[in-house]
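The values are calculated or read from the model by the stated rules, or taken from the named source; none is laboratory data. Please read all numbers here as calculations on a predicted model, not as lab measurements. Positions of Cβ are generated from backbone atoms using ideal geometry, with glycine treated the same way; all protein chains shown enter the neighbour counts. Keep in mind that these areas ignore ligands, DNA and RNA; they rest on the heavy atoms of the full protein, side chains included. Shrake-Rupley method; radii C 1.70, N 1.55, O 1.52, S 1.80 Å.
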Amino acid sequence: MPDPYFPGSGDPRYRVHRYELALDYRPGPNRLGGTARLSAVAATALSEFALDLADFRIGRVLVDGRPARYTHRAGKLRVRPTKALAAGAAFTVDVHYTGNPRPVRSPWGGLGWEELTDGALVASQPVGAPSWFPCNDRPADKATYQIAVTTPSPYTVVVGGRLLTRTTHSSSTTWVYEQSAPTSTYLVTVSIGPYRPVPLAEHPEVPQTGYVPERLAGAFAADFGRQPRMMTYFGEVFGPYPFGEYTVVVADEELDVPVEAQGVATFGTNHLGGGWERERLIAHELAHQWFGNSVSIGDWSHIWLNEGLAKYAEWLWSERSGGPTAAARALYAHRLLAGLPQDLRLADPGRKLMFDDRLYQRGGLVVHALRLTLGDTAFFRMLKDWAAFHRHGVVTTADFVAHAARYARTPLEGLFDAWLWRPELPPLPAG
Ligand SMILES: [Zn+2]
């Protein structure tokens, strides 16, 4: 099924299980080139298939090592192998490409590869990945990645996953990263810049490092100093952190919002400075590693599952860190929403409202309503099991509703119907 909000993105007729990208990037001229190898399986017999890729010059396209015919128009690279692929057949596609990457235009501004004053970053949610590599751009098609980036030696390259090697030849350095956890295309990221690593306090399980402009190293260490404690607390309530490490990049620019990627979050200079409004973003991005990145949505209509649980994580952290309780945060959000138009259906908000702040607030509220209904013991068991049962998987709203019902003594249909499917704001249940 094509994505209901982005029917032009992705091709559901095959699945990719691995991407190997070998890219060269020159920050001055903003020039990106290289090779992408996709290892995939045909879900059905295919005489042709489509990849998503923005406006690059294509050098060669090979299927199983043999030149294939292709057309490249309007962000779609349509490939016709010399021999049709049988249903269930494993195949590889190699694409050689070069060009000047630029963000994909969207109602939310540019998405994907973005040139910075000195370097570049990638923030693709929801459909920006084709701005820098050919892909099957659907959140449900998760794959492992090996990404090699060659760039002038003074720059640091940050990609999610484990750094395998870093090799310097004359004035260029090649950074090779392996992301072995299944990853949605929109969560694949690269940051290139004059960054300095700032390790955060030792954490028993998860190494955490910041990559920040030199002059912001002190501010970063202060503002993100509580993140390791946050990691410990989220580990208690959501279960083990799903990836091998957690990296925070602070780009040397102001960004509208921080963005999550697999094992990485990218913040702007404007997100430093402390205070609850910034600390809640640190909690929010970290929580996405469980909700969104490990437990991923089947298509974009289910986005409340990512944002509602990340919002609720902010409130949980507020309570745990000695701030207002989650209940107080929920009451405040409820009052806020009561004064705003009530025309949003949480479980299927439509493309226009998928990043509306009301979706975040109401998403947090339905989670709190569920906590009040289940009671703390059952609620926290439900939450942890959700992250465990669907670790590195793909889910829908229906999956969540069915899951939660197993922890309830009374039917939850009424609660979910009111909170997820009707636009009017329901009252919070009595605890
Ligand atoms: Zn979010």
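Let me confirm something: among S294, S301, which residue is of a type outside the set (D, E, K, R), in contact (Cβ under 8 Å) with a residue 60 or more places away in the chain and more than 15 Å from the ligand (Cβ to nearest atom)? Even if it seems obvious, please write down each step before you answer.
Working: S294 fails: more than 15 Å from the ligand (Cβ to nearest atom).
It is S301.
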Open item on the list: Among the residues of the range 272-290, are any among the aliphatic types (A, V, I, L, M) and more than 14 Å from the ligand (Cβ to nearest atom)?
Closed with: yes
TODO: Just one of (1) over 17 Å from the mean Cα position of the chain (by Cα); (2) open to solvent by 30 Å² or more (accessible area, probe 1.4 Å); (3) more than 15 Å from the ligand (Cβ to nearest atom); (4) more than 22 Å from G225 (Cβ to Cβ) trips up L344, so point out which.
DONE: (2)
- [ ] Filter the range 228-271 down to the residues that are of a type in the set (F, W, Y) and without any contact (Cβ under 8 Å) to a residue 60 or more places away in the chain, then identify the one that is nearest to the ligand (Cβ to nearest atom).
- [x] F267
- [ ] Would you mention how many residues in the range 238-258 are open to solvent by 10 Å² or more (accessible area, probe 1.4 Å) and either of a type in the set (G, A, S) or in a strand (DSSP E or B) (or both)?
- [x] 2
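Any idea how many residues of the range 259-281 are open to solvent by 10 Å² or more (accessible area, probe 1.4 Å) and not basic (K, R)?
So the first thing to find is which residues in the range 259-281 are open to solvent by 10 Å² or more (accessible area, probe 1.4 Å), and the list is 259-260, 269-281.
Those left that are additionally not basic (K, R): 259-260, 269-277, 279, 281.
Selection size over the range 259-281: 13.
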- [ ] Go through the residues of the range 296-307 one by one and say whether even a single one is under 28 Å from G8 (Cα atoms), in a loop (DSSP other than H, G, I, E, B) and not β-branched (V, I, T).
- [x] yes
TODO: Among the strands (runs of 3 or more DSSP E) lying completely within the range 39-147, list those that include at least 3 residues that are open to solvent by 60 Å² or more (accessible area, probe 1.4 Å).
DONE: 69-73
- [ ] Give the number of residues within the range 174-207 that are closer than 20 Å to P101 by Cα and surrounded by fewer than 19 Cβ atoms within 10 Å (Cβ to Cβ).
- [x] 2
Task: Evaluation of A326 against (1) within 16 Å of the ligand (Cβ to nearest atom); (2) of a type in the set (G, A, S); (3) under 26 Å from D399 (Cβ atoms) (one fails), failing number - done: (1)
Open item on the list: So D385 ticks every box in (1) surrounded by 19 or more Cβ atoms within 10 Å (Cβ to Cβ); (2) within 28 Å of the chain's Cα centre (by Cα); (3) not β-branched (V, I, T) but one. Which box is left unticked?
Closed with: (1)
